[in-house]
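S.K.: Mind looking over this structure? Questions follow.
What follows draws every value from the coordinates through simple rules; no lab data is involved. As the structure is a prediction and not an experimental result, all values here were calculated from the model. Please note: Cβ atoms are built from the backbone with ideal geometry, for glycine as well, and neighbour counts cover all protein chains shown.
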Amino acid sequence: MKRREALKLSLFAGAGLAATAARAACEKETDGTPAQFQPKKAPDPAPQENDLEKYPTCPYCGMDRRYNHESRMLIQFSNDLPDPLCSIHCAVISLAINLALDPKAIWVGDNAIATDPRPLVEVGKATFLVGSDLPGVMTWNSKVAYSSNAAAAAAQKVHGGKLMDFQETLKVSFADLADDVDRMRKAREERRKRAAKKQQGG
């Protein structure tokens with residue numbers, strides 16, 4: 001066998017091995033285990049600093065966190081992987097599918113401070129106003145966080161709803177998830193029908 005032909009065969013064999021390894025890695029990353037859902041951002045020991053600049057979009061729904069800064073959340077897992085969310089709706093999805101990871105810290109937009117954007121507050125220090133007439137993000141059952149219990153109570157007097165801590169709010173959010181997803185799908189289907197009707201000139 002000529003030297004040039006042997007080199008070609010060697011290169012082809014190497015390429016084949018590389019492709020096989022790549023396929024195996026891909027299959028391992030998407031094998032249906034919880035590990036395939038782990039946050040893809042690089043570890044960040046201080047994800048709450050300039051979080052909107054570093055993490056402008058929610059990885060679960062693609063929503064702009066800068067636009068939804070009042071409702072945004074941020075989870076830092078024990079391995080420092082950050083998961084930046086648009087709302088508690090997507091936060092419960094993250095907590096449910098990342099069971100292999102333990103949360104190190106969780107923050108939420110603080111509506112007690114009327115700045116744009118809202119600062120973040122640790123959820124353990126926040127009071128949530130649940131079920132008020134304030135607009136919800138990704139949910140029909142509004143959930144708004146305040147670093148001050150007095151600010152939450154003042155908002156409750158104007159907008160109604162119930163005051164809850166984070167754990168209580170989390171339970172409500174999990175319960176709301178099925179209805180919220182069902183409503184979103186129905187709304188999307190209605191939009192498709194209207195678009196199709198418009199295309200047909202109806």
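S.K.: What pairs from Lys41/Lys162; Lys104/Lys171; Lys162/Lys186; Lys125/Lys162; Lys54/Lys104; Lys104/Lys186 go past 25 Å between their alpha carbons? Each step should come with its number before you reach the end.
M.R.: Working: Lys41/Lys162 35 Å; Lys104/Lys171 19 Å; Lys162/Lys186 28 Å; Lys125/Lys162 17 Å; Lys54/Lys104 19 Å; Lys104/Lys186 36 Å.
Check vs 25 Å cut-off fails for Lys41/Lys162; Lys162/Lys186; Lys104/Lys186.
S.K.: Let me ask something else. Which chymotrypsin sites (Phe, Trp or Tyr not before Pro) in the stretch 125-170 sit in a loop by DSSP (not H, G, I, E or B) and have at most 14 other Cβ atoms within 10 Å of their own Cβ?
M.R.: Values: sites: Phe128, Trp140, Tyr146, Phe166; in loops: Trp140.
Those that pass, being in a loop and sparsely packed, are Trp140.
S.K.: Using 0.36 nm times the number of residues separating Ile97 and Glu168, minus their current alpha carbon distance, what extension gain do you get? Let's see the in-between values first.
M.R.: Numbers: separation 71, 0.36 × 71 = 25.56 nm, distance 1.96 nm.
Going from the current span to full extension adds 23.6 nm.
S.K.: OK, next. Using the Karplus equation 6.51 cos²θ - 1.76 cosθ + 1.60 (θ = phi - 60°), what ³J(HN,Hα) coupling, rounded to whole Hz, does each residue of the stretch 49-64 give in order, writing x for Gly and Pro?
M.R.: Working through the residues one at a time gives 7, 6, 5, 6, 6, 6, 10, x, 10, 7, x, 8, 10, x, 5, 6 Hz.
S.K.: Does the stretch 83-124 come out rounded, prolate or oblate, given a ≥ b ≥ c as the square roots of the eigenvalues of its C-alpha gyration tensor, rounded meaning a/c under 1.5 and, failing that, prolate meaning a/b above b/c? Kindly include the intermediate steps, with their values, before the conclusion.
M.R.: On the way: a/c = 3.24, a/b = 2.11, b/c = 1.54.
It is prolate, given that a/c is not under 1.5 and a/b is the larger ratio.
S.K.: May I pose another question? Ranked by Cβ crowding within 10 angstrom, fewest neighbours first, how are Met138, Met184, Met164 ordered?
M.R.: Ranking Met138, Met184, Met164 by Cβ neighbours within 10 Å, fewest first, gives Met184, Met164, Met138.
S.K.: Test of understanding: ordering Lys193, Lys125 by Cβ neighbours within 10 Å, fewest first, what list do you get?
M.R.: Working: Lys193 10, Lys125 16.
Listed from fewest to most nearby Cβ atoms, that is Lys193, Lys125.
S.K.: Next question. Please compute the volume of the convex hull spanned by the alpha-carbon atoms of the stretch 37-190 and report it per residue in Å³. Display every interim value, and only then the final one.
M.R.: On the way: hull volume 16.7 nm³, N = 154.
With only Cα atoms used, the stretch 37-190 gives 109 Å³ per residue.
S.K.: Further question: Please check which bits of the stretch 63-80 a label hung off Ile113 would reach, taking the label as a point 7 Å along Cα-to-C-beta and the cut-off as backbone N under 14 Å.
M.R.: From the stretch 63-80, the list is 70.
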